[in-house]
Amino acid sequence: MFFTNARKMEMVSVDQALPGRPDALPTADTHFLSGLALKSPVPAGMAEAMFGMGCFWGVERKFWALPGVWLTMVGYAGGFTPNPTYKETCTQMTGHNEVVRVIFDPAVIRYDDLLKVFWEGHDPTQGMRQGNDVGSTYRSGIYTYTPEQAAAAEASKALFAPRLKAAGFGPITTEILPAPVFYFAEEYHQQYLAKNPNGYCGIGGTGVTCPVGAGVRA
Ligand code: MHO
């Protein structure tokens, strides 16, 4: 019991991680809601973002619902195992996080607005878990594509931390790292809650407002 629990609550080491495979696993061709090719390149003028904030089913829904978000997709990132399966990530032996990758139009929605949804949409003080979902696949993470995104992420964290503290929460455990390789999750995970409207959603916010976005810049 103790061993199982301890293993779940920390990152696997690189030498203990599962070996994975060299080739990408199959996934959906198109986004279930928009019909766009899931592997579309980022169109000129658009930008990408990546977040981990618990079970990716509910996380993806938060982002696809935002005006200015053009495409969403779920996958695994931040670990060691190339091209992992969902089953492998569930063993917590790949090091990967469940993430959503977002392609958005910065003329309509700014990165700061996405950060606000990120901070307010989950509890970023829980370490290797999110609610009932336990393990490093559910850690909080912001994976940045540009130095500007990294600076905005760090600044928003610095703004939000005292608000959380004032509300009785502990320190923020969110990792902020340059975007790692994104491995697509299996077809059935893509837009899961659009396909299964009554499906499980494991994320909930803290109720604390993050003072970025909506006109306020971090
Ligand atoms: N507790 C959920 C998590 C699913 S999510 C894709 C389940 O075990 O089905 O990690």
For the pairs Lys62/Lys195; Lys8/Lys116; Lys39/Lys157; Lys116/Lys165; Lys8/Lys157; Lys8/Lys87, note any where the Cα-Cα span goes beyond 21 Å. Lys8/Lys116; Lys39/Lys157; Lys8/Lys157
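I need to check one value: relative contact order of segment 1-89, counting alpha carbon pairs closer than 8 Å and at least 6 residues apart, in percent.
Values: 55 pairs, mean separation 34.5, N = 89.
RCO, segment 1-89: 39 percent.
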Mean accessible area per residue over the chain (1.4 angstrom probe, all protein chains present, square angstrom) is 45
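Would you please classify the overall shape of segment 38-104 from the alpha carbon gyration tensor, given that a ≥ b ≥ c denote the square roots of the eigenvalues, rounded means a/c under 1.5, and beyond that prolate means a/b larger than b/c while oblate covers the rest? Before the final figure, lay out the partial values.
Details: a/c = 2.81, a/b = 1.80, b/c = 1.56.
Prolate.
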Among Tyr76, Tyr143, Tyr200, residue whose mean-square fluctuation peaks in a GNM of the chain (springs only between Cα atoms under 10 Å): Tyr200
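How large, in percent, is the carbon and sulfur part of the accessible surface of the chain at a probe radius of 1.4 Å? Mind dumping the intermediate values first?
Details: 5770 of 9910 Å².
The nonpolar share, carbon plus sulfur, comes to 58 percent.
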Taking only C-alpha pairs under 8 Å that are 6+ residues apart, what is the relative contact order of the chain in percent? 29
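Mean 1/r over all different Cα pairs, inverted: what Kirkwood radius does segment 139-189 give, in Å?
On the way: mean 1/r = 0.0789 Å⁻¹.
Radius from the Kirkwood sum: 12.7 Å.
Could you tell me what fraction of 2.2 N^0.38 Å the Cα radius of gyration of segment 71-218 comes to, as a two-decimal ratio?
Details: Rg = 15.3 Å, N = 148, 2.2 N^0.38 = 14.7 Å.
Here the answer is 1.04, to two decimals.
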Explain nothing, just compute: Karplus ³J(HN,Hα) = 6.51 cos²θ - 1.76 cosθ + 1.60, θ = phi - 60°, for every residue of segment 152-165 in order, whole Hz, x for Gly and Pro. 5, 5, 5, 5, 5, 4, 5, 6, 7, 3, x, 5, 5, 4
By accessible area with a 1.4 Å probe, ligands and nucleic acids excluded, highest first: order of Leu18, Leu71: Leu18, Leu71
With the charge dipole of the chain built from beta-carbon charges (+1 for Lys and Arg, -1 for Asp and Glu) about the Cα centre, the Cα from Gly205, Pro84, Val14 projecting farthest to the positive end belongs to Gly205
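The values are calculated or read from the model by the stated rules, or taken from the named source; none is laboratory data. All values derive from a computational prediction rather than experimental measurement. Positions of Cβ are generated from backbone atoms using ideal geometry, with glycine treated the same way; all protein chains shown enter the neighbour counts. In case anyone asks, the SASA skips ligands and DNA or RNA and just uses the protein heavy atoms, side chains included. Shrake-Rupley method; radii C 1.70, N 1.55, O 1.52, S 1.80 Å.
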